[in-house]
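Working notes, structure below.
We did not get these values from a lab; they are worked out from the coordinates using the rules stated. All values reported here derive from a predicted model rather than from experimental measurement. Methodologically, a virtual Cβ is constructed for each residue, glycine included, from the backbone with ideal geometry; neighbour enumeration extends over all protein chains shown.
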Amino acid sequence: MPDVLARLEALRTGDLPTHGGRTLAYVYDSGLADADEIGRTALASFGATNGLDPTAFPSLAAMERDLIAFARPLFHAPPEAVGTVTSGGTESILLAVQTARDAATVERPAMVAPTTVHGAFHKAAHYFGVELVTVDVDPTTMRAAPAAMAAAMDALGDRLVLVAVSTPSYAHGVVDPVAPIAAAAAARGVRCHVDACIGGWVLPWSGFAEPWDFAVPGVTSLSADLHKYAYTPKGVSLLLHRDPALRRPQFFASADWPGYTMLNATMQSTRSGGPIAAAWAVVQHIGDDGYRVLVRTTLDATRELAAAIRATTHLDLAAEPDASLLAVTTDDALDVFTLADEMGERGWFVQPQMAFRGMPATLHLTVSAATASGVGDGVEALRASVDAAVAAGPVVVAPELRAAAAQLDPATLDDAAFDGLLQIAGLGGDGTVAVPARMAPVNALLDAAPPRLREALLIAFLDRLTR
Ligand SMILES: *Cc1c(COP(=O)(O)O)cnc(C)c1O
């Protein structure tokens, strides 16, 4: 092996495994070696092509049209619906928000979404100056509450430009009631975006009973990531609009410079054809029948895991799952952060989610098809991890530390103060950072920090990690 490739392999040794079904966030494994191989080959062979100009690389434009054509019937999109291939769920959501903002000519535009909506909407609010008003979800189902959503829409009056729902939400894996919320948006003449980033390639084959896509009148746009459950290499999501007029403000052209006239459908300008070609190849290869089998395998595994979790003393689920995501809660005998560390030691990555607005801290499990063959092992690891976490007892954040955290105003802190805080949190200090093997004490402290302080600390961490 050439030296640089050996060095690349060596760099990967600290990474989470992308395959094997035991990394239950970030990555998605179909378990199909041939689909992986086809994706890798297409990714490599189109890596140097440029989607900047669809007339220069018509192959990429053709592949994008094919991907949208494949997606259209899955989401009951009408014949006049149009779509765009983006680099990921966040870009699809950013564009949906930007387009809604620019279609409306209002001062101080605003949008309404449940508290469980993905952080990408907060990012869009931050980037585009669209205020995000979040509405508490039903505390028993964790689904958006239609009456409260409608009241929030009314409170915004003419400022309202967009309403968003998730199918399902990332944190709890439940599908929001799309029909009443989209109807309320339509009645007020505003757009309704369905965030199917994670569910878009699951729900069409799952037998989910409620209408949730373009079959619902009032749904104006929908995002679905291919780099999740379509099992394509990273860097591809779809954004569909119900008709071309709704999409029109998404396009950007600039003739205000002496170079080529800039003409973009997405936020990126130069964009690699690699992920597009890889997505095209994998979607063609797996196909409708293949995805049906993968979804059945995944949902059977999810149900098996859910039942085992509910049957385990000290564990429960935060919500009844509607798709392939689980949110695990614990009782007071242990905490989710220690449980995550214990799972990590047994070779399973599960993602800690902090407490938020009365919702408990949870462990997030994204189940993919490759997890199915290891469910028995996973349950065994989980039960052993629970025993170890109960024996260790929950991490205790010193009350004086908790009180101090509640007092801190991150806006007033300088670099030295952040170094001190990072040190207290166990994440380094003195301008350097380190990630400890056991994250539970760090996570428990971050969990106790008010959201603004948690954000500021993590930004300070990233700042130092990237120096
Ligand atoms: C993953 C996800 C996103 C964001 O997608 P990225 O591809 O990570 O940018 C948005 N919404 C939901 C529900 C998701 O699961």
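DSSP assigns beta bridges within segment 25-177; of those with both partners inside it, close to 10 percent run antiparallel. The amide H of Gly235, built 1.01 Å from its N in the peptide plane, has His227 as neighbours under 5 Å, considering only residues 5 or more places off or on other chains. Each peptide in 139-147, 225-233, 334-342, 108-116 receives the mean, over its residues, of other Cβ atoms within 10 Å, and ordering these scores from highest gives 225-233, 334-342, 108-116, 139-147. Ordered by the number of other Cβ atoms lying within 10 Å of each residue's own Cβ, fewest first, His126, His172 fall into the sequence His126, His172. Taking only the C-alpha atoms of the chain, Rg followed by Dmax gives 22.7, 68 Å.
In the chain, helices alone account for a calculated mean residue ellipticity at 222 nm of -13500 deg cm²/dmol, with every DSSP H run of four or more residues adding -39,500 (n - 2.57). Residue-wise HN-Hα couplings along segment 46-54, as the Karplus relation 6.51 cos²θ - 1.76 cosθ + 1.60 with θ = phi - 60° gives them from phi, are 9, x, 9, 6, 10, x, 4, 10, x Hz; Gly and Pro carry x. Looking at the chain alone, DSSP beta bridges between its own residues are antiparallel in about 60 percent of cases. For the peptides 384-393, 47-56, residues were scored by their other Cβ atoms within 10 Å and the scores averaged per peptide; the highest-first order is 384-393, 47-56.
Taking label points 7 Å from Cα along the Cα-to-Cβ direction, Thr432 and Leu263 give a separation of 5.3 nm.
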